[in-house]
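Comments concern the structure below.
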Amino acid sequence: MDLDVFWALLDQSASASSDQHERRVWLTSRLALLPPGDICGFETLLGASRGRVNTFAHWHAAYLLCDGMCSADRFVEFQSWLIGLGRSVLASVAAFPDALADVPAVRTLLAVGAPSWPESAWPLWEGLSGVAREAFFIATGRSLDNALAILGHVPVADAGLFTGEVWDLDSPAEAALRLPRLWELSGGLEDAA
């Protein structure tokens with residue numbers, strides 16, 4: 001599977017469904033029709049996409065957006081949500097975590113504030129990480145993880161939590177310095193005053 005097909009499937013899943021559960025079902029059913037090598041390719045490209053935003057700075061951005069409620073496990077779900085927003089959003093945020101402030105969905109969420117979000121509005125997509133595994137099992141009756149291990153694939157989660165410099169996630173000064181636009185949108189300047 002090449003990168004264009006990977007992103008086309010994600011884009012089509014967004015157009016064909018109204019929520020993340022439907023999107024997962026759509027993706028799983030489409031992937032299950034593909035050759036096993038393409039399903040492995042989808043998982044590999046998903047991991048590579050997740051790796052692009054697997055830095056401490058990106059975790060800090062997710063932590064700030066989620067009002068401090070973004071554990072390491074939830075960060076993986078945040079990465080999936082970010083990938084689900086599309087290729088251009090991922091590229092922008094991968095290059096510059098504070099570009100999250102430009103994403104319309106993020107601006108809407110911050111305007112409302114995390115305490116007011118319904119469960120379905122959280123910037124998390126738990127189901128994306130299981131799509132290829134389920135599709136591979138449907139298509140072959142075998143484990144995707146075993147197939148990927150034979151191919152020498154190392155999942156992002158197994159490569160380490162994140163890369164990059166580490167600082168205090170709860171520090172307003174760090175947030176204002178490292179994520180100034182996201183910090184301002186989150187009401188940080190008002191909190192600091």
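The values are calculated or read from the model by the stated rules, or taken from the named source; none is laboratory data. Just so we're clear, the structure is a prediction, and the values are computed from it rather than from any experiment. Positions of Cβ are generated from backbone atoms using ideal geometry, with glycine treated the same way; all protein chains shown enter the neighbour counts.
Structure notes:
- Candidates Gly51, Gly37, Gly47: the one that is closer than 13 Å to Leu144 by Cα and small (Gly, Ala, Ser) is Gly37.
- Among residues that are within 19 Å of Leu27 (Cα to Cα) and of a type in the set (Lys, Arg), Arg74 is not included.
- Residue in the stretch 48-56 that is at pLDDT below 95, of a type outside the set (Val, Ile, Thr) and outside any helix (DSSP H, G or I) present: yes
- Residue, farthest from Leu179 (Cα to Cα), within the stretch 59-74, restricted to residues that are touching a residue at least 60 places away in the same chain (Cβ under 8 Å) and surrounded by fewer than 23 Cβ atoms within 10 Å (Cβ to Cβ): Ala72
- Candidate set: the stretch 142-184, residues that are at pLDDT below 75 and part of a helix (DSSP H, G or I); chosen: the one surrounded by the most Cβ atoms within 10 Å (Cβ to Cβ): Val156
- Residue that is modelled with the highest pLDDT [pool: residues in the stretch 96-122 that are farther than 14 Å from Gly86 by Cβ and assigned to a loop (DSSP other than H, G, I, E, B)]: Phe96
- Of the set (1) among the hydrophobic types (A, V, I, L, M, F, W, C); (2) farther than 18 Å from Ser171 by Cα; (3) surrounded by 17 or more Cβ atoms within 10 Å (Cβ to Cβ); (4) out of contact with any Leu (no Cβ under 8 Å at 6 or more places or on another chain), all apply to Phe56 but (2).
- Within the stretch 11-22, the set of residues being crowded, with 18+ Cβ neighbours inside 10 Å and either under 15 Å from Ala139 (Cβ atoms) or at pLDDT below 95 (or both) comprises Gln20 only.
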